[in-house]
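Okay, so here's the structure we're looking at.
The values are calculated or read from the model by the stated rules, or taken from the named source; none is laboratory data. All values reported here derive from a predicted model rather than from experimental measurement. FYI the Cβ positions are ideal-geometry reconstructions off the backbone, even for glycines, and counts take in every protein chain you see.
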Amino acid sequence: MSPQRNLKILFVLNPHSGGVPHFFWRKKSIDKESVIREYLKNTSYQFEFYQMALSDDSASIKHWIHQWKPDRVVAIGGDGTVRMIASILVGTNIPLGIIPSGSANGLAKDMGLPNTVHDGLDIILYSGTIKTTDLIVINQHHHCIHLSDIGMNAQLVKYFQENDIRGKLGYAQEMLKVLWRQRWMEVTIVSDQVEIKRKAFMVVLANARMYGTGVKINPSGDMQDGLFEVVILRKLSFTELLKMLFLNRRFNPQKTEVLQAEQVTIHVKKKVYFQIDGEYLGKTKYLSAEIMPKAIQLIYPT
């Protein structure tokens, strides 16, 4: 990406992402706005900051983008912030840059983005590559840029959001709680190619490859291929978990089944936990999903 010195950049900052209390200590929060202003002070870039509130800021951010007409929008927050802004930018051809600032930052890790503000700005303004990227549309109006699922992980997301404990300690505590309470789901999955019935602990609609924890639930995922994967976790297996964490080996389909699709519907016998991109959305018995190819432009590291 060749440098353009006269770019207009809108930074959307979620001050509530990251920097939350830890069980034994408080995570240090960096004043990212001050760091960015210092970085840009001797440049010719035009820039503005939008500070998000606790309520839904979608309409206000959309108004800002329409009125100010930025050449780049930069999300400074976690996966939920990125998903919200990506939804706003669908069809605009305005590239989206990401400076991770959440608890998990799953998409940023999946893309290989750095954690530091300076390195992130270097990619967004100078060295990065703009790529058209797919989205999954769920139940006709939710956008998923990263990973959505029902079952075990969605239940973990719910517990994690309700608990003040964060970091690895909090994750381990909530994971033990989820594993203790976990039950099978009876699901019927109908895609454009197959119809199957399964008992599963979790079903993932995967646009990307891995969770913020580093678990590669969908190692062959490609956010530019016009497809998404349906990953069915049929059995809890230590060997499968090792593959997801450390090993580049094919899953055992009797334990972890992967289907590719352009569209799919999922029916569940009983209501189950449901999340999109790290945001818990309640319980559901039905999901529909379809790919929206080349929906947005993301700025990736080269």
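Of everything in segment 124-155, what is of a type in the set (V, I, T) and either touching a Leu at 6+ places or on another chain (Cβ under 7 Å) or within 16 Å of F228 (Cβ to Cβ) (or both)? Give them in sequence order.
Result: T132, T133, I136, V137, I138, I145, I150.
Give me the pairs, please: first residue somewhere in segment 30-48 and assigned to a loop (DSSP other than H, G, I, E, B), second residue anywhere and polar (S, T, N, Q), beta-carbon distance under 7 Å, and either six or more positions apart or on two chains.
S44/N6
Those residues that are under 26 Å from Y126 (Cβ atoms) and either among the acidic types (D, E) or loosely packed, with under 14 Cβ neighbours inside 10 Å (or both), I need them from segment 44-67; list them, please.
Correct list: S44, E48, Q51.
Can you tell me which residue is modelled with the lowest pLDDT among those in segment 223-271 that are outside any strand (DSSP E or B) and in contact with a Gly (Cβ under 8 Å, 6 or more places away or on another chain)?
Per the criteria, the residue is L245.
Please work out if I189 is within 18 Å of K271 (Cβ to Cβ) and either in contact with a Ser or Thr (Cβ under 8 Å, 6 or more places away or on another chain) or not in a loop (DSSP other than H, G, I, E, B) (or both).
So I189 fits the description; yes.
I need a count of the residues in segment 1-29 that are modelled with pLDDT of 80 or more and assigned to a strand (DSSP E or B).
Residues meeting the conditions: 6.
Considering segment 63-88 alone, what residues qualify as being in contact (Cβ under 8 Å) with a residue 60 or more places away in the chain, under 9 Å from V12 (Cβ atoms) and part of a helix (DSSP H, G or I)?
T81, I85
Is it fair to say V215 is modelled with pLDDT of 95 or more and either in contact with a strand residue (DSSP E or B) (Cβ under 9 Å, 6 or more places away or on another chain) or in a loop (DSSP other than H, G, I, E, B) (or both)?
For V215, the condition - modelled with pLDDT of 95 or more and either in contact with a strand residue (DSSP E or B) (Cβ under 9 Å, 6 or more places away or on another chain) or in a loop (DSSP other than H, G, I, E, B) (or both) - is not met.
Restricting attention to segment 108-120, and to residues there that are surrounded by fewer than 21 Cβ atoms within 10 Å (Cβ to Cβ) and closer than 18 Å to D31 by Cα, which single residue is modelled with the lowest pLDDT?
Checking each candidate, the answer is N115.
How many residues, within segment 291-302, are outside any loop (DSSP other than H, G, I, E, B) and either among the hydrophobic types (A, V, I, L, M, F, W, C) or surrounded by fewer than 16 Cβ atoms within 10 Å (Cβ to Cβ) (or both)?
Count: 8.
Limited to segment 149-180, what total is found for residues that are outside any helix (DSSP H, G or I) and either under 17 Å from the mean Cα position of the chain (by Cα) or at pLDDT 85 or above (or both)?
Number of matching residues: 3.
Mind checking which residues of segment 89-107 are surrounded by fewer than 24 Cβ atoms within 10 Å (Cβ to Cβ) and in a helix (DSSP H, G or I)?
Once the filter is applied, which keeps residues that are surrounded by fewer than 24 Cβ atoms within 10 Å (Cβ to Cβ) and in a helix (DSSP H, G or I), segment 89-107 yields only L89.
So is D79 touching a Leu at 6+ places or on another chain (Cβ under 9 Å), under 21 Å from H141 (Cβ atoms) and among the acidic types (D, E) or not?
yes
Is at least one residue of segment 272-284 in a loop (DSSP other than H, G, I, E, B), surrounded by 21 or more Cβ atoms within 10 Å (Cβ to Cβ) and touching a helix residue (DSSP H, G or I) at 6+ places or on another chain (Cβ under 9 Å)?
yes
Kindly indicate whether any position in segment 128-148 is surrounded by 19 or more Cβ atoms within 10 Å (Cβ to Cβ), among the small types (G, A, S), modelled with pLDDT of 95 or more and not in a strand (DSSP E or B).
Yes, that holds for at least one residue.
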